[in-house]
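The block underneath contains the structure these notes are about, expressed in structure tokens.
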Amino acid sequence: MEVHHRIEARLCPRFKLDANLKIHSGTELLSGYALDISESGISAMLPIEVSMGEIVDLDFELPLGPVSVRAVVRERNAFRYGFQFVQPNAAHEFIADACGLLPPCD
């Protein structure tokens with residue numbers, strides 16, 4: 001009997017992040033909860049639907065302090081969303097530094 005293992009094709013390792021998340025979607029301000037983060041994106045639980053491909057602004061707290069970054073909605077599985085960071089700026093270096101302080105995901 002052959003066992004197949006799913007191999008994740010991720011560019012950056014993910015790290016655990018327990019943080020409140022504010023999502024600026026158009027004229028709406030939504031609240032969510034961040035689950036994990038990498039240098040390229042973040043996943044979060046949201047209580048309401050956000051459109052795939054939508055560009056949003058995210059505000060959340062990292063061990064090094066608060067961060068604001070623009071992201072695009074890339075994935076959705078029930079209430080769990082995956083956001084990919086866009087428009088490289090100073091926040092991306094800040095996020096990369098903070099990832100080094102967080103525990104890795106299993």
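The values are calculated or read from the model by the stated rules, or taken from the named source; none is laboratory data. Model, not experiment: these values are computed from the prediction. Note that we place each Cβ from the backbone using ideal geometry, even for glycine, and neighbour counts take in every protein chain shown. Side chains are part of the model used for accessible areas, which takes the heavy atoms of the whole protein and leaves out ligands, DNA and RNA. Shrake-Rupley method; radii C 1.70, N 1.55, O 1.52, S 1.80 Å.
Being over 12 Å from the mean Cα position of the chain (by Cα), closer than 18 Å to S31 by Cα and of a type in the set (F, W, Y) is the filter here, so list the residues in the stretch 72-101 that pass it.
Result: F79, single match.
In the stretch 44-71, which residues are outside any strand (DSSP E or B), closer than 16 Å to S31 by Cβ and open to solvent by 70 Å² or more (accessible area, probe 1.4 Å)?
P47, I48, E49
Checking A44 against (1) small (G, A, S); (2) modelled with pLDDT of 95 or more; (3) touching a Cys at 6+ places or on another chain (Cβ under 7 Å), which single condition isn't satisfied?
(3)
When only residues in the stretch 76-106 that are assigned to a strand (DSSP E or B), open to solvent by 40 Å² or more (accessible area, probe 1.4 Å) and in contact (Cβ under 8 Å) with a residue 12 or more places away in the chain count, which is farthest from I23 (Cα to Cα)?
The qualifying residue farthest from I23 (Cα to Cα) is P104.
Of the residues in the stretch 12-43, how many are in a strand (DSSP E or B), open to solvent by 70 Å² or more (accessible area, probe 1.4 Å) and within 15 Å of A91 (Cα to Cα)?
So the answer is 0.
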